[in-house]
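What follows is one structure encoded as C-alpha coordinates, with my remarks underneath.
The values are calculated or read from the model by the stated rules, or taken from the named source; none is laboratory data. Worth saying up front: this structure is predicted, and the values here are computed from it rather than measured. Cβ sites come from the backbone with ideal geometry, for glycine too, and all protein chains shown count toward neighbours. For accessibility, only protein heavy atoms count, side chains too; no ligands or nucleic acids. Shrake-Rupley method; radii C 1.70, N 1.55, O 1.52, S 1.80 Å.
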Amino acid sequence: MAKPVLTISSKNYGAWSLRGWLMCRLAGLDFSEKIIPPDDPAMKAEMLLLSSSMLVPSLQHGSVKVWDTLAIGEYLNEIKPKAGLLPADAAARAHCRAICGEMHSGFASMRGALPMNIKAHFTNFKVWSRAQADIDRIVAIWRECLKAYGGPFLFGKQPGIADAMYAPVVTRFLSYDVALDSTSATYCKRVMELPAMKEWVAAAKQEPEEIDELDAEF
(Lines give C-alpha, C1' and ligand atoms only; values in the text may rest on other atoms or scores of the structure.)
Protein backbone atom coordinates (compact mmCIF):
# COMPACT_ATOMS: atom_id res chain seq x y z
CA MET A 1 0.00 0.00 0.00
CA ALA A 2 1.24 3.49 -0.86
CA LYS A 3 2.25 5.84 1.92
CA PRO A 4 -0.77 7.68 3.36
CA VAL A 5 -1.19 11.33 2.31
CA LEU A 6 -2.80 13.95 4.54
CA THR A 7 -4.05 17.05 2.74
CA ILE A 8 -3.97 20.14 4.94
CA SER A 9 -4.07 23.91 4.67
CA SER A 10 -2.25 26.65 6.58
CA LYS A 11 -0.42 25.59 9.71
CA ASN A 12 -0.81 29.06 11.20
CA TYR A 13 -4.55 29.45 10.60
CA GLY A 14 -5.84 25.93 9.93
CA ALA A 15 -7.56 24.68 13.07
CA TRP A 16 -9.20 21.67 11.43
CA SER A 17 -5.98 20.81 9.64
CA LEU A 18 -4.17 20.80 12.98
CA ARG A 19 -6.73 18.41 14.44
CA GLY A 20 -6.39 15.88 11.64
CA TRP A 21 -2.62 16.20 11.47
CA LEU A 22 -2.19 15.79 15.22
CA MET A 23 -4.41 12.71 15.24
CA CYS A 24 -2.17 11.13 12.60
CA ARG A 25 0.94 11.98 14.60
CA LEU A 26 -0.54 10.62 17.85
CA ALA A 27 -1.55 7.43 16.03
CA GLY A 28 2.03 6.93 14.87
CA LEU A 29 0.97 6.91 11.23
CA ASP A 30 3.82 7.34 8.74
CA PHE A 31 2.29 9.81 6.30
CA SER A 32 3.27 12.56 3.91
CA GLU A 33 1.71 16.02 3.76
CA LYS A 34 0.04 17.72 0.84
CA ILE A 35 -0.47 21.41 1.52
CA ILE A 36 -3.06 23.14 -0.62
CA PRO A 37 -2.31 26.69 -1.82
CA PRO A 38 -3.82 29.80 -0.17
CA ASP A 39 -6.18 30.48 -3.08
CA ASP A 40 -7.70 27.00 -3.04
CA PRO A 41 -11.47 27.14 -2.23
CA ALA A 42 -11.12 24.32 0.33
CA MET A 43 -8.49 26.28 2.22
CA LYS A 44 -10.67 29.39 2.28
CA ALA A 45 -13.62 27.35 3.51
CA GLU A 46 -11.58 26.15 6.46
CA MET A 47 -10.07 29.54 7.21
CA LEU A 48 -13.41 31.33 7.11
CA LEU A 49 -15.09 28.78 9.40
CA LEU A 50 -17.72 27.93 6.80
CA SER A 51 -18.00 24.35 7.99
CA SER A 52 -16.56 21.88 10.47
CA SER A 53 -17.06 19.07 7.96
CA MET A 54 -15.21 19.81 4.75
CA LEU A 55 -12.59 18.40 2.42
CA VAL A 56 -9.66 19.72 4.47
CA PRO A 57 -8.07 17.90 6.14
CA SER A 58 -8.43 14.67 4.20
CA LEU A 59 -6.53 11.42 4.55
CA GLN A 60 -5.82 9.22 1.52
CA HIS A 61 -4.73 5.73 2.61
CA GLY A 62 -4.55 3.37 -0.32
CA SER A 63 -8.06 3.21 -1.77
CA VAL A 64 -9.55 4.75 1.37
CA LYS A 65 -10.24 8.49 1.49
CA VAL A 66 -11.49 10.07 4.73
CA TRP A 67 -12.12 13.79 5.01
CA ASP A 68 -14.26 14.58 8.05
CA THR A 69 -12.00 15.19 11.06
CA LEU A 70 -13.89 12.93 13.45
CA ALA A 71 -14.04 10.24 10.77
CA ILE A 72 -10.27 10.51 10.38
CA GLY A 73 -9.90 9.96 14.13
CA GLU A 74 -12.21 6.94 14.11
CA TYR A 75 -10.41 5.46 11.10
CA LEU A 76 -7.02 5.93 12.74
CA ASN A 77 -8.32 4.25 15.90
CA GLU A 78 -9.33 1.25 13.81
CA ILE A 79 -6.04 0.85 11.93
CA LYS A 80 -3.84 1.83 14.90
CA PRO A 81 -5.69 0.40 17.91
CA LYS A 82 -2.56 0.18 20.06
CA ALA A 83 -2.11 3.96 19.86
CA GLY A 84 -5.01 4.39 22.28
CA LEU A 85 -6.58 7.35 20.51
CA LEU A 86 -9.91 6.47 22.13
CA PRO A 87 -10.25 5.26 25.74
CA ALA A 88 -10.43 1.50 26.27
CA ASP A 89 -13.33 1.77 28.72
CA ALA A 90 -16.74 1.95 27.01
CA ALA A 91 -18.13 4.67 29.29
CA ALA A 92 -15.02 6.81 28.92
CA ARG A 93 -15.07 6.21 25.17
CA ALA A 94 -18.66 7.46 24.97
CA HIS A 95 -17.71 10.51 27.04
CA CYS A 96 -14.77 11.17 24.73
CA ARG A 97 -16.95 11.00 21.64
CA ALA A 98 -19.48 13.35 23.23
CA ILE A 99 -16.98 16.11 23.98
CA CYS A 100 -15.33 15.67 20.58
CA GLY A 101 -18.73 16.03 18.97
CA GLU A 102 -19.34 19.18 20.99
CA MET A 103 -16.11 20.67 19.65
CA HIS A 104 -16.86 19.48 16.13
CA SER A 105 -20.26 21.17 15.87
CA GLY A 106 -20.22 23.85 18.55
CA PHE A 107 -18.43 26.85 20.03
CA ALA A 108 -19.07 28.94 16.90
CA SER A 109 -18.89 32.22 18.83
CA MET A 110 -15.46 31.41 20.27
CA ARG A 111 -14.13 30.13 16.95
CA GLY A 112 -15.39 33.21 15.12
CA ALA A 113 -14.19 35.76 17.67
CA LEU A 114 -10.82 34.10 18.32
CA PRO A 115 -9.70 32.59 14.98
CA MET A 116 -6.57 30.47 15.18
CA ASN A 117 -3.44 32.52 14.53
CA ILE A 118 -0.42 30.85 16.11
CA LYS A 119 2.06 33.60 15.26
CA ALA A 120 -0.07 36.36 16.78
CA HIS A 121 -0.28 37.48 20.39
CA PHE A 122 -3.07 39.87 21.37
CA THR A 123 -2.58 41.23 24.88
CA ASN A 124 -5.62 42.48 26.82
CA PHE A 125 -7.92 41.08 24.14
CA LYS A 126 -11.58 41.86 24.86
CA VAL A 127 -13.68 38.68 24.70
CA TRP A 128 -17.37 39.33 24.08
CA SER A 129 -20.01 37.58 26.18
CA ARG A 130 -21.06 34.84 23.76
CA ALA A 131 -17.47 33.85 23.10
CA GLN A 132 -16.81 33.88 26.84
CA ALA A 133 -19.72 31.49 27.37
CA ASP A 134 -18.07 29.08 24.92
CA ILE A 135 -14.73 29.48 26.71
CA ASP A 136 -16.37 28.77 30.07
CA ARG A 137 -17.94 25.60 28.71
CA ILE A 138 -14.63 24.41 27.24
CA VAL A 139 -12.83 25.01 30.53
CA ALA A 140 -15.59 23.09 32.35
CA ILE A 141 -15.11 20.14 29.96
CA TRP A 142 -11.38 20.16 30.56
CA ARG A 143 -11.69 20.32 34.34
CA GLU A 144 -14.29 17.55 34.39
CA CYS A 145 -12.18 15.23 32.23
CA LEU A 146 -8.93 15.94 34.05
CA LYS A 147 -10.61 15.22 37.38
CA ALA A 148 -12.44 12.10 36.20
CA TYR A 149 -9.51 10.46 34.39
CA GLY A 150 -6.56 11.74 36.38
CA GLY A 151 -4.79 13.70 33.64
CA PRO A 152 -2.41 14.96 32.51
CA PHE A 153 -4.44 14.67 29.28
CA LEU A 154 -8.20 14.70 28.95
CA PHE A 155 -8.63 10.93 29.15
CA GLY A 156 -5.61 9.88 31.13
CA LYS A 157 -1.88 9.50 30.78
CA GLN A 158 -1.56 9.73 27.01
CA PRO A 159 -2.96 12.20 24.48
CA GLY A 160 -5.73 11.06 22.18
CA ILE A 161 -8.47 12.21 19.86
CA ALA A 162 -10.03 14.53 22.43
CA ASP A 163 -6.74 16.37 22.98
CA ALA A 164 -6.30 16.73 19.22
CA MET A 165 -9.80 18.15 18.89
CA TYR A 166 -9.12 20.79 21.54
CA ALA A 167 -5.51 21.55 20.56
CA PRO A 168 -6.46 24.53 18.34
CA VAL A 169 -8.40 25.95 21.29
CA VAL A 170 -5.22 25.78 23.35
CA THR A 171 -3.39 27.84 20.73
CA ARG A 172 -6.26 30.34 20.66
CA PHE A 173 -6.21 30.78 24.43
CA LEU A 174 -2.49 31.54 24.26
CA SER A 175 -2.74 33.85 21.24
CA TYR A 176 -5.55 35.90 22.76
CA ASP A 177 -4.26 35.95 26.33
CA VAL A 178 -7.38 34.24 27.71
CA ALA A 179 -7.36 34.16 31.51
CA LEU A 180 -7.40 30.56 32.77
CA ASP A 181 -7.45 28.79 36.10
CA SER A 182 -4.30 26.89 37.07
CA THR A 183 -5.70 23.49 36.07
CA SER A 184 -6.59 24.66 32.56
CA ALA A 185 -3.34 26.60 32.18
CA THR A 186 -1.34 23.50 33.13
CA TYR A 187 -3.30 21.45 30.61
CA CYS A 188 -2.53 23.99 27.89
CA LYS A 189 1.14 23.78 28.75
CA ARG A 190 1.04 19.97 28.49
CA VAL A 191 -0.51 20.12 25.04
CA MET A 192 1.96 22.69 23.76
CA GLU A 193 4.86 20.58 25.06
CA LEU A 194 3.89 17.62 22.89
CA PRO A 195 6.66 17.04 20.31
CA ALA A 196 4.08 17.02 17.53
CA MET A 197 2.69 20.37 18.65
CA LYS A 198 6.17 21.85 18.76
CA GLU A 199 6.73 20.61 15.22
CA TRP A 200 3.45 22.15 14.01
CA VAL A 201 4.10 25.51 15.71
CA ALA A 202 7.62 25.71 14.29
CA ALA A 203 6.23 25.16 10.79
CA ALA A 204 3.45 27.70 11.36
CA LYS A 205 5.99 30.35 12.26
CA GLN A 206 7.73 29.82 8.92
CA GLU A 207 4.62 30.63 6.89
CA PRO A 208 4.29 33.99 5.07
CA GLU A 209 3.09 36.82 7.27
CA GLU A 210 -0.18 37.16 5.38
CA ILE A 211 -2.45 34.93 3.37
CA ASP A 212 -4.32 36.96 0.75
CA GLU A 213 -8.00 37.70 1.36
CA LEU A 214 -8.13 36.10 4.81
CA ASP A 215 -7.46 38.93 7.22
CA ALA A 216 -10.28 41.11 5.90
CA GLU A 217 -12.74 38.24 6.12
CA PHE A 218 -12.01 37.48 9.78
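For segment 45-53, the criterion of being modelled with pLDDT under 90, surrounded by fewer than 23 Cβ atoms within 10 Å (Cβ to Cβ) and among the acidic types (Asp, Glu) is met by no residue. Could you list, in sequence order, the residues of segment 1-27 that are more than 18 Å from PRO37 (Cβ to Cβ) and modelled with pLDDT under 90? Passing the criteria: MET1, ALA2. For segment 55-85, residues that are open to solvent by less than 20 Å² (accessible area, probe 1.4 Å), in a loop (DSSP other than H, G, I, E, B) and closer than 21 Å to PHE107 by Cβ total 2.
Taken residue by residue, segment 86-105 has at least one member that is farther than 14 Å from ARG19 by Cβ, touching a residue at least 24 places away in the same chain (Cβ under 8 Å) and not in a helix (DSSP H, G or I).
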